[in-house]
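To start, the structure itself, in structure tokens.
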Amino acid sequence: MSVFEFFDSGVARRSLSDLLEGVDSQLSRRLIKAFLIIFCSSALLSAAPLLMARAINSLSENSPLSTTLTCASLYIGLRFSGQMLVDLRWKLVNPILYQISYTFCSIFASRISRIPRHEGRNGDSAGWIAEQAAAMSKLEVGSIGILHGFLSVIIPTSIELLIACIAIGIVIGPLVAAYMIVGGIIFMIGISFKRNKELSLARIANQADNTASSFLSEYISNPTLARVFNAAPFLEDRLSAAVANSVESHQKFFSVKTERGLYLSAITLFIYTIVLSWGIYNPSGTAATAGSFFLLLIYLDRVLNPLSNASTAINNIQNGLIAIEAGYELIEKLKKEKLNVTFSPERSKNWSSLSLSKSRVYHVSNEHLTIGAGVWINVRGPSGTGKSTYLQRIYGELQELAGASVTRIHYLNPTPPTIRGSIFENIALGDKSVDREKVKFHWNIWAREIGNSAINIDEDVEQLSAGELQFLAISRCILRNPFLVFFDEATNSMDVRTEEKVWLLIKTTIPGATVFAVSHRNLSVIDFDFLDDFSFP
């Protein structure tokens, strides 16, 4: 794939669309200001050598000293005004790039979080979380690389190249054609020589790095396995193999980059020699003036170096797109991921369609599952008979069926998801309808009616026990008045007395909800409407 085909690819178009999606009107105005700063700084720095060339010529031509001083002063003014504007880019341009990048990553995070999926009984594994985090991290790095390449390299390069060609065309004449040809050669070599091989190796290295990150996260997040089960050597071996593979992949990638760099330097050296020789003694046989030779030397750098930088920027942009491509692949992978459903041997558990009914029913007929409103179903059976898998399938189907009402369908597993912060923040999650007093009243039920110790809702969630975390998840659920809830052993960390009180609380606070309950204990305190038995035949 050529560089032009690469930029015309779906990844490039989707990336541009998503980057622009994060630019609002306020950020657009800041981008315009940033562009003006970049334009002015590049223009001033590129135009300054013209004045120095004039000063050099005035000295060689014995012009009045005032002319030389004026040109030199103007050169200093342009040169350092441009440099100060370049320095201001750190404050006025780079923060914009990061703001767009973070918005871009937030868009991805939002899309991933909205894909209907079930994380399994105990949530995602540490390795899978690390792989997702690595992909998101590369999204940030990739988007910053793309934005920096375009805004801080491609645009200034275009301005410098334009001014340099105009200046050379005016001062030196036909030599401008040589500049254009030379610049074109350098640019094409920079973006084509072994570029496909580099892109291929970049993809391999990127994936190898994600795998190493995954194994590293598994190692540090499983201290019990490492310590108690003496699994440290096994985990270390897996991590070492992944790291070795990543290092080897990156070595191959960097070797190609080095080859490309050396080849480009050799071509540039050859072109410098040819152009400078032409400047010292041009084809007309007349020697160049001191000022024109100075311009030739300066603008040789002004043309060749920016073009080399531009080719490097394009390489970085392509590498950024490769990193972003991994993010798109992650989204597609999640969208295509299907639950590997294994049902119990009973044929009554096999169904091909599902619907909700206002009647208090729950049955399978003609391979159609009907779930009634306000019914309580106790799903029982030995471990491994498919209870959780069965509920996960129903939950997944209902997520698609419910549409906007998906926020009122909850699945609670033994390991509740939490965010860093207080108990209140974990229950309210920014929902304005879940006010502080409501959360405080409900949370105090834990101490007031269930009989355990009182805990302030401003306490950090990390201070809670496993049973308290499960009660937090239940509180978070029932405060939102759900119409359908799956309790998949969501109270298994509580003692029997506490669990019974919690179930009575659930029954009284959401009496109109449809409830599926999976528990290995006998929930005799609840009168269930239906028993779905997953016992072995």
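The values are calculated or read from the model by the stated rules, or taken from the named source; none is laboratory data. Source: prediction; values computed, not measured. Using ideal geometry, Cβ is built from the backbone for each residue, glycine included, and neighbour counts are taken over all protein chains shown.
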Just to be sure, is residue 66 within 35 Å of the chain's Cα centre (by Cα) and of a type outside the set (Lys, Arg)? no
Of all residues in region 405-430, count the ones that are loosely packed, with under 13 Cβ neighbours inside 10 Å and more than 19 Å from residue 371 (Cα to Cα). 4
Is there a residue in region 433-456 that is under 24 Å from residue 371 (Cβ atoms) and of a type in the set (Asp, Glu)? no
Looking only at region 431-461, which residues are of a type in the set (Val, Ile, Thr) and closer than 18 Å to residue 482 by Cβ? 434, 439, 445
Out of curiosity, is residue 457 modelled with pLDDT of 90 or more and either over 20 Å from residue 411 (Cβ atoms) or not assigned by TED's automatic domain parsing to the domain that holds residue 390 (or both)? yes
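Taking the options 322, 371, 331, 377, name whichever one is at pLDDT 75 or above, under 39 Å from the mean Cα position of the chain (by Cα), part of a strand (DSSP E or B) and not polar (S, T, N, Q).
One residue alone meets the criteria, 371.
Please go through region 190-242 and give me each residue that is of a type in the set (Ser, Thr, Tyr) and part of a helix (DSSP H, G or I), ordered by number.
Of everything in region 190-242, those that are of a type in the set (Ser, Thr, Tyr) and part of a helix (DSSP H, G or I) turn out to be 192, 200, 211, 213, 214, 217, 219, 224, 240.
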Given the criterion small (Gly, Ala, Ser) and under 14 Å from residue 484 (Cα atoms), identify the matching residue among 373, 466, 428. 373
Can you go through 58, 41, 15 and tell me which one is surrounded by 20 or more Cβ atoms within 10 Å (Cβ to Cβ), under 29 Å from the mean Cα position of the chain (by Cα) and assigned to a helix (DSSP H, G or I)? 15
